[in-house]
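See structure below.
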């Protein structure tokens, strides 16, 4: 009887983990999102039914930025100056937090932030939560990656990220100037943002992000250019040294219970 009860409890724990999923980008479709209307994954990839999970914590990287690195073969087309009414699959909003939206024209080698929302991003959010994000009017034409980043306000110190594959119909000789994303709570070498209940919510660090300019390349054909990137500082997302004191208490309790498989582990270190 004890064995059966323990087994059922373990199975329910798996269901609970799924039900308490966090947040993922559903419009434009984050790579491999299971939402209706999203493109099929590219060859060799599969739908991500754990799309809402974080890509890392303050001391560990579980997955790369974007969560998945192989682009969709289908892209959503937007015009420079157009506003994307971004939408999300919301499981738990963790009291809000900091969000950044960025564009890359070189498959994630360099990023320029096009919108930042501090503290209140996803605060009290539920299904149907949207955020308007405008593509800069001077954006170059070309295939681009649209990235969303979120550092939650309350709970485990995590980083969430999804990327959508888009095509921008921009301007000849266009460029985007902005800042490089701040990458926080993503491995032990990244900047550490504590829970917002304290005096420091990490907001001040966003004013220290490095500058970057992405310009349209020359010799473009068929109306689609391959923008070149002019870096006025660092081409990579900002990784600041860990600041502050982090105290982690680990308590181990060993109990022999029957094995319940929840699915493939997403926690292989990236």
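We did not get these values from a lab; they are worked out from the coordinates using the rules stated. Quick caveat: nothing in here was measured; it's all calculated off a predicted structure. A quick note on method: Cβ atoms are made from the backbone with ideal geometry, for glycine too, and the neighbour counts reach across all protein chains shown.
Numbers at a glance
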quantity	calculated
Cα Rg, Dmax, the range 21-230, angstrom units	16.6, 53
Packing-based order for 119-125, 210-216, using average beta carbon neighbours within 10 Å, highest first	210-216, 119-125
Projected label distance in nm at residue 177 and residue 79, using a 7 Å step from Cα toward the beta-carbon	2.5 nm
